[in-house]
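Take a look at this one; I'll ask things after.
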Amino acid sequence: MMRLNNDYARTSRLATVFGNLRYSVQSLFHANINHTPVQPPTTYTNYNNSRGQFTYADKTEEIRPLLLYADTLEIDAVEIDTWTNTTIINGLHGATCIDYHYEKGLIFWTDALDRHISVTGVKHNFLRKNEAIVKTNMGNINGMAVDWINDHIYWTDETFQSIQVVNLQGGNRRTLIDYLIKKPMAIAVSPSDGILFFSDWGTNQRIERCGLDGKDREDIVEHVGLPFSLTIDILRSEIKSAKFDGSSIKTVIKNSNYWPEVFGIAIHKDKVYWTNYKKGEILRTDKYASLGVEKVFVNSSQAPFGLVVYDRNQQMTWGRNVKVLLTEKGTISCTDIDSGHADVLHVAATSNIVGIDYDYDQQMLFWTDHYNYNIYAYFLFFNDKITAGFGQKSLLPDFVYQPDSIAVDWIYKHIYWTDLLNRTIHVCTFYGAHRKTLVSNNLVYPDALALSPSDGLMFFSDSSCSFGGKILRMAMDGSERKTIINKGVKAVYGIAVDHHSRRIYWTDVTLQTIKSATFDGTDIHTIITFTTKSTSSPGPYGIAVFGDLIYWTNRKDRSVYTAHKYTGKNIAPFLTDLDNPKHIKIISKESQKEGLNRCGENNGKCDHLCLPVPVTQLTPNGYSCVCSDDFLLEDDVYCIRKGNRSKTVGYKSKQIYLRGFSVFVALIDHLIKHTDLSSADNVILAGTSDSVSIKDCTSELKISEQWACLQPDYYYKHVYTPAFFIQSLHDTWFSAHALGVQCSSKGCKASEIQTIDESRQNFHSIKLF
């Protein structure tokens, strides 16, 4: 059983402020709302938010805080303090609700007349073309909120009596709540806490909260009249208690002269702002006590409705939605640092999970299994809940022997792993394609592995209790291998990269130490030395770094501990009562910052793998082309099968890239030609007979039918290009390139050809991504 140590519960108070339009004497309230977070490292933004004394420590703000408001026919911005008004977007019809995504530079709004949700870009000094992203099956939209951490848009629909959600592109639309809700109005989200707030004007007017997936609904404020607008004060110093329970409601202002036709409401520092759409006013007051009302903007010719404060500090992401990913004997757990809530993925009773890593952008988990001698992938969808995935997929069932440590390149989308039995290090794509052995000699016990993709560097250990261990560094294509640390090292089972300080951290099980060094192996610093005599000593195994803390697993007392990453002080248990914990990772946006993919959209023109390397005079492009095992590189980009001087079928002019993955031009041509689609992104190919078969899509490849073995058991082993073949209405993981793979040198057997024909008849579609 796993529990979060109470000493590391994060504390917070978030004030929900909502307008009440029903009372004869109108009021503005705020409620104490509760939760728990760790302080961010001192090198990041700090806050001082005691009443009347509000400052930001961060001095690098790109845009001065603005009040954005929807004014029916346009979107305007008022600069706080100077109160200069600027029209950002015009030519609208019924703009009402508004919100934004600061990090991506996007503004979203709803149109009450056109009944759609639209977006425009505001980076690079404004603007990108307005685009309606949700425009079908829309009723009366009363409220909208943007989740800037998980990249979702939520809205309330009075007509359909529902709360719905889409991603920032308007895709993956889902209805979260459509029962026990009569007239949904205001909506607000706290992404870091995974909580959604909304008001209902039905027979029992109230404010509810639930998870971002619509589950765990709870009434937090009842008998409140008609709560029209909701906003959340999410500043760290406002955080005080344990859960959003709607307690401690306080009246901020109570004056009917200022409160007849309110619509939007927002908080900035210690002020509450709201709009009066009848008088064309934006007003404000102190959020803690009524110290008078100030009209900050008046334009009687306008009708301001939705209101938000456009400010980077309103949407801080550091330290939010951070999760601890941990491997135990037969499970993978994902524990939220904020709340301590843990989702658990039960893999199999016969599994022995060792290494683990993830890709934040594509929401994928990867792990190695000693018992089943395999590497698995798992899709995570929606709000990072580990139990909401599509299920695990076996990547390389016939090509790995004893996979141990695994590391994800989140920029170039590759996975790297060590194999203890063969004493090798390998790489392949996220989908098992293009497996390449990078290191196959002069290794004793390759164990720990970590990457710095933006630098094109890999760090790994070669442990030996008898001969002494070492830590090595090489380019991520396997070149420039060198030992950077060979003294004071025995059995290194965990390595973590701190991209902020540009240091590596490692655990030594034999020496019972945690140490760190720079990327070149210098400035070695012993952070913690554990006593080896005590059986309860929190000795290290796996390790991770986040902020100012290091996290490590201790297999002896079945716990996870933390300490300061520089001093080693304040050692404390974080998780206890675990089942043989091994490796650990921290899931967060900060841990996998976006970086430049030097291979570009065309995979660097490489046939197989385009792998990052350090930028030098010899490698000015910062990448190199690498071919799969059993292939040779020719002309720096082409791959030729060993023993065959012809280039691999389907490459060079016969490939195209969708979202970074290569697919056949022939497939794309067929999709566009037979489906009347202007884009081949996320399209579906209908194919239920030989006349529209997969073979026809690749006719320019001149594949002989007898060689095009499609049976899953065979071509699964020859994955080169990612695609989904949806067979019998079930997703099965295969590859378009496998269509050109021969069964054997003697051709296909009659039974195999029959299986192929039957398989073709069952194809329903191909989904390319």
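Just checking, does the stretch 441-462 include any residue being in a loop (DSSP other than H, G, I, E, B), among the aliphatic types (A, V, I, L, M) and in the same structural domain as Leu395 (by TED's automatic domain parsing)? Walk me through how you get there before you give the answer.
Here is the first cut: in the stretch 441-462, the residues in a loop (DSSP other than H, G, I, E, B) are 441-445, 456.
After this cut, where a residue has to be among the aliphatic types (A, V, I, L, M) as well, the list is 443-444.
Going one step further and asking which of them are in the same structural domain as Leu395 (by TED's automatic domain parsing), we end up with 443-444.
The answer is yes, given that some residue of the stretch 441-462 is in a loop (DSSP other than H, G, I, E, B), among the aliphatic types (A, V, I, L, M) and in the same structural domain as Leu395 (by TED's automatic domain parsing).
Within the stretch 599-624, track down each residue that is surrounded by fewer than 22 Cβ atoms within 10 Å (Cβ to Cβ) and in contact with a helix residue (DSSP H, G or I) (Cβ under 8 Å, 6 or more places away or on another chain).
Matches in the stretch 599-624: Pro614, Asn621.
Of all residues in the stretch 146-188 being within 20 Å of Gln363 (Cβ to Cβ), modelled with pLDDT of 90 or more and β-branched (Val, Ile, Thr), which is surrounded by the fewest Cβ atoms within 10 Å (Cβ to Cβ)?
Val166
Answer yes or no as to whether Tyr566 is modelled with pLDDT under 95, of a type in the set (Phe, Trp, Tyr) and surrounded by fewer than 18 Cβ atoms within 10 Å (Cβ to Cβ). Even if it seems obvious, please write down each step before you answer.
On the way: modelled with pLDDT under 95: yes; of a type in the set (Phe, Trp, Tyr): yes; surrounded by fewer than 18 Cβ atoms within 10 Å (Cβ to Cβ): yes.
When the stated conditions are applied, Tyr566 passes them.
Does Ser479 fit the bill of being on the phi < 0 side of the Ramachandran plot, in a loop (DSSP other than H, G, I, E, B) and of a type in the set (Gly, Ala, Ser)? Break it down into steps so the answer makes sense when it comes.
Working: on the phi < 0 side of the Ramachandran plot: yes; in a loop (DSSP other than H, G, I, E, B): yes; of a type in the set (Gly, Ala, Ser): yes.
Against the criterion (on the phi < 0 side of the Ramachandran plot, in a loop (DSSP other than H, G, I, E, B) and of a type in the set (Gly, Ala, Ser)), Ser479 qualifies.
For the stretch 342-366, name all the residues that are assigned to a loop (DSSP other than H, G, I, E, B) and either closer than 17 Å to His583 by Cα or without any contact (Cβ under 8 Å) to a residue 12 or more places away in the chain (or both). Steps first, answer last, please.
As a first pass, look at the stretch 342-366 and keep what is assigned to a loop (DSSP other than H, G, I, E, B): 347-352, 360-363.
Residues satisfying the conditions are Val347, Ser351, Asn352.
Could you list, in sequence order, the residues of the stretch 392-419 that are crowded, with 18+ Cβ neighbours inside 10 Å and more than 26 Å from Cys599 (Cβ to Cβ)?
Within the stretch 392-419, Gln392, Asp404 qualify.
The values are calculated or read from the model by the stated rules, or taken from the named source; none is laboratory data. The structure presented is a predicted model; accordingly, all values stated were derived computationally and were not measured. FYI the Cβ positions are ideal-geometry reconstructions off the backbone, even for glycines, and counts take in every protein chain you see.
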